[in-house]
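Visitor: I have a structure I would like to understand better, so I am pasting it below and will then ask my questions one at a time.
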Amino acid sequence: MEFSINHPILFVIVGVIIAVVLAQSVYFLVKSYRRAKAIGMDMSKVKKTIVSSSVFTVAPAVSIVITVLALSKSLGVALPWLRLSVVGSLSYETIAAENAASGMGTSLSELAVGTMTASQFVTIAVVMTVSILVGIWLVPVIGKRMSNGLVSFEKRDKKWMDTLQSAMFIGMISAFVGYVFCDVSRLWLAEDGVFTVTDTVKEYVGGELVEKTVTTAYSATSGLIPVFVMAVSAVGMVICGILMKKLNWKWLNDYALPICMILGMASAIPLTAWLG
Amino acid sequence: MKEKKTLSYMDSVHRDGTIWNMVVMTLLIMFPVVVGVIFQAVPDWAGVGKGLLATAPMYWAVGVIEVITFYPMLGAGGSYLSFVTGNISNLKLPCALNALESNEVKAQSEEGEIISTISIATSSIVTTLIIIFGVALIIPLTPLLENPVLDPAFAQLLPALFGALGVVFISKNWKIAIAPIVLMLILFVFVPALDSSMVGIMVPVGVVFTIVVSRLMYKKGMLG
């Protein structure tokens, strides 16, 4: 059978794997829903959780589709579809695929020309798969012990356990708050209002692998875009909180996060035109 | 029969999660094998070796740290699912946190475990379906998704997400939030090596630092 990165058989194989992953999600949804009913939880709240989680997921999921699109130029559609439906992320998949291509003495941009062989495809798929499997097997190995440890920890000191939980959430959020500011230094590092980033990329030119220097220029104020986007989204959340309290709009509680996220993302369009 | 009756809900979550994860892992490993058999191709073993050497050690280490860091926040069912479906810090965990917050339940309670699992399972289903929809319609959707007008919006998804989520959690836990936020701001602003690709590695650093600071404040009675 002649290989192509978009061969229909690849879609069939990937479709089967994704059907199993989908079945796992449905299984756990039904299992936890039934348990919620059995222990007498307020089912209207449970249903609201399902609706609000669905609404919240739309924008990030669309950004994952964009990632599939970006990777499809070099790897076809089937492999990125699999990789981003199971465990993956753009940064990881690109690095793993690029490392595998480089290990074979080629590069993703060269393979993007459409010359990938079945052997190269399989090599890339092996590297991408094996390097990311840790979480899938480690959770079954240590999950039960971690759950039991957390329960006995809570029995010993419930107040500290509550604080510990909040500390974990705050620790994660603080890393992302820091990340939002990571390009602010362009304000004082830029020369004549322009900040340049120089990268070295390997490319095949006329059958030979050559190193190319790529320079990207950003405006000095471009690092402020994510900061302002975060501020818009945060102010939106504060306003939602006020509306919930003052006007008793309890329904807003379930949709405030997706609404503010979309608001922040929309604000990025004029902000980028202004500061980018 | 007797054993089945005494199996607690949590025990059944671990049993079922283990079975599902092992099935998915086997299928994932089988993917390159099956493709190789169908197209009669063997991998370039030197390429596999070099590729793994350059990729695996770092991502295995990150994977171990992520499991230890995220498991207490995601709960058991949520962890089994999240570590299969991925996109944890940018989708599954914020989704679960928002659901826990809206329902005013703690992650370690049974209600929290259920709410977290329901939100992550729902999010996984919706994500998978949207990706299927996107792949099926990739040709007509490409001009829309690659529209340069929309580019900046999707580029700023994480700041938009963590602005809204952050204001809720930071306002409720402001005492323990000050030190980690100041630390992360200093590190990300003044250490050039910490660019946007490093945030995944900095999450465990932020979590460990916040736990240490919180413990000290708790011991000194500053969180009463």
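Visitor: Quick check: pseudo-label points 7 Å beyond the Cα along Cα→Cβ at residue B:149 and residue B:219, how many nm apart are they?
Guide: It works out to 5.8 nm between the two label points.
Visitor: What number comes out for the charge environment of residue A:5, summing +1 per Lys or Arg and -1 per Asp or Glu over other residues with Cβ under 15 Å away? Can you show the working numbers first?
Guide: On the way: positive: A:73, A:83; negative: A:2, A:93, A:110.
Result for the neighbourhood of residue A:5: -1.
Visitor: For the B and A pair, go ahead and give the buried accessible area with a 1.4 Å probe, both sides summed, in Å² to 100. Mind dumping the intermediate values first?
Guide: Numbers: alone 16130 and 18610 Å², together 21890 Å².
Result for this pair: about 12800 Å² buried.
Visitor: Less than 14 Å Cβ to Cβ from residue A:224, Lys/Arg counted +1 and Asp/Glu -1: what total charge do the surrounding residues give? Could you put the intermediate results ahead of the total?
Guide: Working: positive: A:186; negative: A:183.
Once all neighbours under 14 Å are counted, the net charge is 0.
Visitor: Can you list residues from other chains, or at least 5 along the same chain, whose modelled amide H is less than 5 Å from the amide H of residue A:218?
Guide: A:195, A:196, A:197
Visitor: Continuing with this model, one more query. If I take R0 = 45 Å and measure r between the Cβ atoms of residue B:6 and residue A:2 in this structure, what FRET efficiency does the formula 1/(1 + (r/R0)^6) give, to the nearest 0.05?
Guide: Values: r = 56 Å, r/R0 = 1.25.
Approximately 0.20, to the nearest 0.05.
Visitor: Averaged over peptide A:217-229, how many Cβ atoms belonging to another chain are found within 10 Å of each residue's Cβ? Don't jump to the answer; show the numbers that get you there.
Guide: Values: counts 0, 0, 0, 0, 0, 0, 1, 0, 4, 8, 2, 3, 11.
Mean partner shielding for this stretch: 2.
Visitor: On to the next question. In whole percent, what relative contact order does the range A:153-276 give with Cα contacts below 8 Å and a gap of six or more residues?
Guide: 22 percent
Visitor: Continuing with the same structure: Tell me, what is the Rg over Rh of the protein assembly as shown, with Rh the Kirkwood radius over Cα pairs?
Guide: Working: Rg = 22.8 Å, Rh = 23.7 Å.
Answer for the protein assembly as shown: 0.96.
Visitor: Let me ask something additional. Restricting attention to the alpha-carbon atoms of the range B:110-224, what are Rg (one decimal) and Dmax (integer), both in Å?
Guide: Radius of gyration, then largest Cα-Cα span, for the range B:110-224: 19.3, 61 Å.
Visitor: Just to check, using Stokes-Einstein with a Kirkwood Rh over alpha carbon pairs, what's the diffusion coefficient of chain A at 4 °C and 1.567 mPa s in µm²/s?
Guide: Details: Rh = 23.2 Å.
Stokes-Einstein gives a translational diffusion coefficient of 56 µm²/s.
Visitor: Per residue of chain B, what 222 nm ellipticity follows from adding -39500 (n - 2.57) for every DSSP H run with n ≥ 4, rounded to the nearest 500? Let's see the in-between values first.
Guide: On the way: 11 runs with 180 residues, N = 224.
Counting only the DSSP helices, I get -27000 deg cm²/dmol.
Visitor: Here's a follow-up. Using the Cα centre as the reference, give the magnitude of the dipole from point charges on the C-beta atoms of the protein assembly as shown (Lys, Arg: +1; Asp, Glu: -1; all else neutral), rounded to the nearest 20 debye. Kindly include the intermediate steps, with their values, before the conclusion.
Guide: Working: 33 positive and 29 negative charges, 495 e Å.
Computed about the Cα centre, the dipole is about 2380 debye.
Visitor: Scaled to the compact-protein estimate 2.2 N^0.38 Å, what is the alpha-carbon radius of gyration of chain B, rounded to two decimal places?
Guide: Numbers: Rg = 21.1 Å, N = 224, 2.2 N^0.38 = 17.2 Å.
This ratio for chain B stands at 1.23.
Visitor: Given an 8 Å cut-off on Cα distances and at least 6 residues of separation, report the relative contact order of chain A as a percent.
Guide: Values: 219 pairs, mean separation 43.4, N = 276.
Answer for chain A is 16 percent.
Visitor: How many percent of Cα pairs in the range B:173-224 exceed 12 Å?
Guide: Details: 872 of 1326 pairs.
Percent of Cα pairs beyond 12 Å in the range B:173-224: 66.
Visitor: Would you work out the relative contact order for chain B, in percent, from Cα pairs under 8 angstrom that are 6 or more residues apart? Don't skip to the end; give the middle numbers.
Guide: Numbers: 107 pairs, mean separation 36.6, N = 224.
Relative contact order, chain B: 16 percent.
The values are calculated or read from the model by the stated rules, or taken from the named source; none is laboratory data. Not measured: the values here are computed from a predicted model. With ideal geometry, Cβ positions are generated from the backbone for all residues, glycine too; neighbour counts draw on all protein chains shown. Please note that ligands, DNA and RNA were not included when accessible areas were found on the heavy atoms of the full protein model with its side chains. Shrake-Rupley method; radii C 1.70, N 1.55, O 1.52, S 1.80 Å.
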